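Asker: The following block contains the structure, expressed as structure tokens.
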Amino acid sequence: MEMGVTLHTGDLDFDQISLYAREAEELDYEGFWLTEENGKEAFSLLSLLARDTSRIRLATGILNFYSRSPMTLAMGASTIFRLCGGRFSLGVGTGGIGFTERGHGLPIERPVARAREVVEIVRAYLTQRRFSYRGQWYDVKDFHLREGPIGGPLAIYLSALGPQMVRAAARHYDGFIMNWPTDEAIDEYRQMAAEAREGAAKSNDESVRSQYLSLAKSLETLIETLQGRQSSQSN
């Protein structure tokens, strides 16, 4: 089982977050996942971490897909992917009522359909030299990213806390992100994903990205928690 770490970016300053990421890399954690919510802007911070780390996967967990257009998401993903040598994954989702509706002032409408349209457009920007797309929300007309396709695989995950989003992730994404899951919930969601894949064009195995957030009063305590978890995992 791979283990990654995540944190609220508004709780630490830039130097502390960089130290946290470097410590996680030194301890051989698989990924460093940034929330965004109402903290630091994720792509800007990831550009710093891309220069300060060399091996650990960098990822968003998550960015909401209502406040950014698919093209903006694709531009950010392309930038970080190139900066860190391809060790980037994009996690997206609705963002939740507290941040999307109360903070951004945007209604969370038809999230399942929106999730599909967003990922189809983002993938097209990252893999095609030019394309058109006519959807329910976006109408892309013979357009492209100036730098062109990224030239490598970039996993895109969907935050899924309910059956419909899990099924959408299974059909259209590379996996899904859960918060605070039990072993039973993971097994149940994997079964949902397997059933959703039957008869769908997408045939690769979906992966579950389970997020667990550590809360600590200081950076030193946070790093001690990192070291303790990694030690227990290796025993």
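The values are calculated or read from the model by the stated rules, or taken from the named source; none is laboratory data. From a predicted model like this one, the values you see are computed outputs, not experimental measurements. Here the Cβ is made from the backbone with ideal geometry for all residues, glycine too, and neighbour counts use every protein chain on show.
Asker: Sort through I56, I17 and tell me the only one that's surrounded by 18 or more Cβ atoms within 10 Å (Cβ to Cβ), over 29 Å from I121 (Cα atoms) and modelled with pLDDT of 95 or more.
Answerer: From the options I56, I17, the qualifying one is I17.
Asker: Can you tell me how many residues within region 138-172 are over 21 Å from T6 (Cα atoms), modelled with pLDDT of 90 or more and either of a type in the set (D, E, K, R) or not in a helix (DSSP H, G or I) (or both)?
Answerer: 18
Asker: Is there a residue being among the hydroxyl-bearing types (S, T, Y) and closer than 24 Å to A168 by Cβ anywhere in region 39-55?
Answerer: No - not one qualifying residue is present in region 39-55.
Asker: Further question on the same structure: Is it the case that R55 is at negative phi, out of contact with any helix residue (DSSP H, G or I) (no Cβ under 6 Å at 6 or more places or on another chain) and not aromatic (F, W, Y)?
Answerer: Spelling it out, it is not the case that R55 is at negative phi, out of contact with any helix residue (DSSP H, G or I) (no Cβ under 6 Å at 6 or more places or on another chain) and not aromatic (F, W, Y).
Asker: Select, from A160, A193, the only residue that is over 23 Å from Y66 (Cβ atoms), among the aliphatic types (A, V, I, L, M) and in contact with a Phe, Trp or Tyr (Cβ under 9 Å, 6 or more places away or on another chain).
Answerer: It is A193.
Asker: Which residues, taken from region 40-71, are in contact with a strand residue (DSSP E or B) (Cβ under 9 Å, 6 or more places away or on another chain) and of a type in the set (G, A, S)?
Answerer: Listed by number, the residues that qualify are A42, A50, A59, G61.
Asker: Can you pull out the residues in region 97-113 that are assigned to a loop (DSSP other than H, G, I, E, B) and either polar (S, T, N, Q) or farther than 13 Å from S67 by Cα (or both)?
Answerer: R110
Asker: Residues in region 35-45 that are buried (at least 19 other Cβ atoms within 10 Å of the Cβ), assigned to a loop (DSSP other than H, G, I, E, B) and not acidic (D, E): how many?
Answerer: Within region 35-45, residues that are buried (at least 19 other Cβ atoms within 10 Å of the Cβ), assigned to a loop (DSSP other than H, G, I, E, B) and not acidic (D, E) number 2.
Asker: Which is farther than 19 Å from H172 by Cβ and either touching a Phe, Trp or Tyr at 6+ places or on another chain (Cβ under 8 Å) or loosely packed, with under 15 Cβ neighbours inside 10 Å (or both), of G103, G93, G98?
Answerer: G98
Residue-by-condition table, conditions (1) part of a strand (DSSP E or B); (2) in contact with a Ser or Thr (Cβ under 9 Å, 6 or more places away or on another chain); (3) of a type in the set (V, I, T); (4) touching a residue at least 40 places away in the same chain (Cβ under 8 Å):
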| site | (1), (2), (3), (4) |
| --- | --- |
| W33 | yes, yes, no, yes |
| S47 | no, yes, no, no |
| R55 | no, no, no, no |
| L58 | yes, yes, no, no |
| R82 | no, no, no, yes |
| S89 | yes, yes, no, yes |
| V92 | yes, yes, yes, yes |
| G95 | no, yes, no, yes |
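Asker: Separate question: Tell me, please, whether a residue that is in contact (Cβ under 8 Å) with a residue 60 or more places away in the chain and either in contact with a Pro (Cβ under 6 Å, 6 or more places away or on another chain) or over 28 Å from H104 (Cα atoms) (or both) can be found in region 14-22.
Answerer: yes
Asker: If you go through region 68-102, how many residues are in contact with a helix residue (DSSP H, G or I) (Cβ under 7 Å, 6 or more places away or on another chain) and among the polar types (S, T, N, Q)?
Answerer: 3
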